[in-house]
Amino acid sequence: MKKWMSTIIALVAIVGVAFGLHQSLKLKRDTAKYTYSNVPTLFIHGYGGTLNSTKELVRAAEKAGAAKKMLTARVTKDGQVKLSGHWDKNKYNPMVQVVFSDNRNADFHTDAKWIKHVIVALQQRYGIKSFNAVAHSMGNLGLLTYEMTYGQDKSLPQLRKQVNIAGHFDGILGLDKEVADNTLDAQGKPTKMVSYYEWLLAHRDNYPDQQVAVLNMYGDLHNGSHSDGRVTTTSAKSLRYLLGNRPKTYREKEIVGPSAQHSKLHENNQVVDREMINFLWGKQKR
């Protein structure tokens, strides 16, 4: 009898803890600051990235009470998507970390197909109709190639908000010779263009028209390089001309100083975290 009573007490305690955690999660939401929905936000890492690459961005959103990580979407080398985690039907602004097994693939068209596979998997399993995306470094090119390829396909969930962090849209230091001494003209058009910038520009009309709000964040170390150590400010800012007047809104945010280093832009960077969180879920008008 005592054994049964102990078991029952233990079960009640477990249920109580679980209920308490659920309630605390509910209480953590700040409806005065943030708008909540079931629209997922995908976090896409860059070249050589892992789950850790976007971990701090996700943690910052959870700590602020703005969103909740629900899933990890791992894409195998042959493009299969494996979803893990729990999809909570409560409106917690679900976050999904996307991880490519072949994280050193440099073919943006392949990345775009993998992103599509993730979106379709979420659509089929959870019925999503729209999504947001946060991308770092090369993840930006995969995301843009996806939109320039499938952006007019209305059978797919539609992109609503796009956060670009350290995007090398027109070349990267050490790899592309066009980056050297590149400038933007009065219209924001780069004087030199790498091949993938030219491809994206040629397919700009596939980008959704007046649908996507865009936040473009980039770094300047203020050490004379006019870059974050990998991406020049010119390359990052060339996104404005690339998208033209297709976005619903477009805003740039420059991060300066030591915290503007390429990798540090997604690692415990309070300015980036704050800008991202307010842009995606904040109620404040900017």
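The values are calculated or read from the model by the stated rules, or taken from the named source; none is laboratory data. Only a predicted model underlies this, so the values are computations on that prediction, with no experimental measurement involved. Heads up, the Cβs are rebuilt from the backbone with ideal geometry, glycines too, and the neighbour counts pull from every protein chain shown. These accessible areas exclude ligands, DNA and RNA; they are computed on the full protein's heavy atoms, side chains included. Shrake-Rupley method; radii C 1.70, N 1.55, O 1.52, S 1.80 Å.
Go through (1) in contact with a Leu (Cβ under 9 Å, 6 or more places away or on another chain); (2) modelled with pLDDT under 95 and name the single condition LEU200 misses.
Single failed check for LEU200: (2).
What pairs come out if I take residues in region 35-50 that are over 15 Å from ARG74 (Cα atoms) and pair them with residues that are of a type in the set (Gly, Ala, Ser) and part of a strand (DSSP E or B) whose C-beta lies under 6 Å away, six or more apart or interchain?
Note: pairs meeting the criteria are VAL39/SER130.
Among the residues of region 72-104, which ones are within 18 Å of PHE43 (Cβ to Cβ) and free of Cβ contacts under 8 Å to residues at least 12 places away in the same chain?
Result: LYS82, single match.
Can you tell me which of (1) touching a strand residue (DSSP E or B) at 6+ places or on another chain (Cβ under 7 Å); (2) modelled with pLDDT under 95; (3) hydrophobic (A, V, I, L, M, F, W, C) is the one VAL58 doesn't meet?
The failed condition is (2).
For region 121-141, state whether one or more residues are in a helix (DSSP H, G or I), touching a residue at least 12 places away in the same chain (Cβ under 8 Å) and open to solvent by 60 Å² or more (accessible area, probe 1.4 Å).
Yes, region 121-141 contains a residue that is in a helix (DSSP H, G or I), touching a residue at least 12 places away in the same chain (Cβ under 8 Å) and open to solvent by 60 Å² or more (accessible area, probe 1.4 Å).
Would you call GLY49 in contact with a helix residue (DSSP H, G or I) (Cβ under 6 Å, 6 or more places away or on another chain) and either polar (S, T, N, Q) or part of a loop (DSSP other than H, G, I, E, B) (or both)?
It is false that GLY49 is in contact with a helix residue (DSSP H, G or I) (Cβ under 6 Å, 6 or more places away or on another chain) and either polar (S, T, N, Q) or part of a loop (DSSP other than H, G, I, E, B) (or both).
Check whether at least one residue in region 53-71 is in contact (Cβ under 8 Å) with a residue 40 or more places away in the chain, open to solvent by 30 Å² or more (accessible area, probe 1.4 Å) and not in a helix (DSSP H, G or I), and report yes or no.
The answer is yes; a qualifying residue exists.
Could you list, in sequence order, the residues of region 227-286 that are charged (D, E, K, R) and assigned to a strand (DSSP E or B)?
Residues satisfying the conditions are ARG251, GLU252, LYS253, GLU254.
I need the full set of residues from region 66-103 which are farther than 18 Å from GLN124 by Cβ and within 18 Å of the chain's Cα centre (by Cα), in order please.
Hits for region 66-103 are ALA66, ALA67, LYS68, LYS69, TYR92, ASN93, MET95, GLN97, VAL99, PHE100, SER101, ASN103.
Tell me which residues, restricted to region 151-173, are closer than 30 Å to SER263 by Cβ and either among the aliphatic types (A, V, I, L, M) or open to solvent by 20 Å² or more (accessible area, probe 1.4 Å) (or both).
Selection gives LEU159, ARG160, LYS161, VAL163, ILE165, ALA166, ILE172, LEU173.
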